[in-house]
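Following: one structure in structure tokens, then a few remarks.
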Amino acid sequence: MKNPLIITIGRQCGSGGHEIGKRLADRLELPFYDKTKLMDLAKHTDHYDELKSFYEEHPVNSLLFAIAINQTMKSPSDKPFSAIRNLIGTSGGVLVGRCGNVIFRNYKNCVSIFIHADIEKRLIRISETRNINTKNAQHHITDTDKERREFHQYFTKETWGQSDGYELCLDSSILGIDGCVDIIIKYLEWRGLLEQ
């Protein structure tokens, strides 16, 4: 049996990474896993309550969170990573966030991607999608990226968004959403991961 294709997407807030992942999954007819989908799947497992904060990509600067998560694991990434692998490792799909680039790093048919964008484009996107002013959009972007950086650092001991942690890094402010999707598909074809 062929190993399932897994595409992981890390993203800056406002870069369109979530939308890119969704469109990619639709075009490739793959399952799409984001926070909502993972939490729905995890609710039917024995470890949901224990790992709820991980599925929510909860910021780890909370002392209570750090204590709770450390009491249940041998190492910071032990149970959450195994749980994600068990949920989607056999079916494959597109996973947004949740340290996916590290969780599936050793999988033969996995491609890890990081989406970034110019801050001005990100501000516009967040202002429009959340219907907030530029100042509030700036706060939202700063806070969200800080939480993602801390979350990733805590669980992986790696730097979030650093290029050597990903196979592809794409600038959506230059390529656009559809351009990123097209390039990813071309790359997958080049790697021989898509059936012709």
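The values are calculated or read from the model by the stated rules, or taken from the named source; none is laboratory data. What you see is a predicted model; the values in this text were computed from it and never measured. Positions of Cβ are generated from backbone atoms using ideal geometry, with glycine treated the same way; all protein chains shown enter the neighbour counts.
When the residues of region 153-196 are narrowed to those that are polar (S, T, N, Q) and either more than 15 Å from the chain's Cα centre (by Cα) or part of a helix (DSSP H, G or I) (or both), which ends up modelled with the lowest pLDDT?
Filtering region 153-196 for residues that are polar (S, T, N, Q) and either more than 15 Å from the chain's Cα centre (by Cα) or part of a helix (DSSP H, G or I) (or both), the one modelled with the lowest pLDDT comes out as Q196.
Only residues that are at positive phi and exposed (fewer than 15 other Cβ atoms within 10 Å of the Cβ): list them for region 138-174, please.
Listed by number, the list holds a single entry, K157.
Evaluate region 5-19: report whether one residue or more is at pLDDT below 90, within 17 Å of T156 (Cα to Cα) and in contact with a strand residue (DSSP E or B) (Cβ under 9 Å, 6 or more places away or on another chain). Walk me through it before giving the result.
Step one: of region 5-19, the residues at pLDDT below 90 are none.
No: region 5-19 contains no residue that is at pLDDT below 90, within 17 Å of T156 (Cα to Cα) and in contact with a strand residue (DSSP E or B) (Cβ under 9 Å, 6 or more places away or on another chain).
So, in region 175-188, how many residues would count as being on the phi < 0 side of the Ramachandran plot and without any contact (Cβ under 8 Å) to a residue 40 or more places away in the chain?
The total comes to 5.
What do you reckon, is K108 surrounded by fewer than 18 Cβ atoms within 10 Å (Cβ to Cβ), part of a helix (DSSP H, G or I) and either free of Cβ contacts under 8 Å to residues at least 24 places away in the same chain or over 16 Å from the mean Cα position of the chain (by Cα) (or both)?
no
Evaluate region 25-40: report whether one residue or more is within 13 Å of the chain's Cα centre (by Cα), aromatic (F, W, Y) and surrounded by fewer than 23 Cβ atoms within 10 Å (Cβ to Cβ). If you could, list the steps in order and put the result at the bottom.
The first filter runs over region 25-40 and keeps only residues within 13 Å of the chain's Cα centre (by Cα), leaving 32-38.
Next, from what is left, pick out any that are aromatic (F, W, Y): 32-33.
Okay, now just the ones that are also surrounded by fewer than 23 Cβ atoms within 10 Å (Cβ to Cβ), so 32.
Among the residues of region 25-40, at least one is within 13 Å of the chain's Cα centre (by Cα), aromatic (F, W, Y) and surrounded by fewer than 23 Cβ atoms within 10 Å (Cβ to Cβ), which makes the answer yes.
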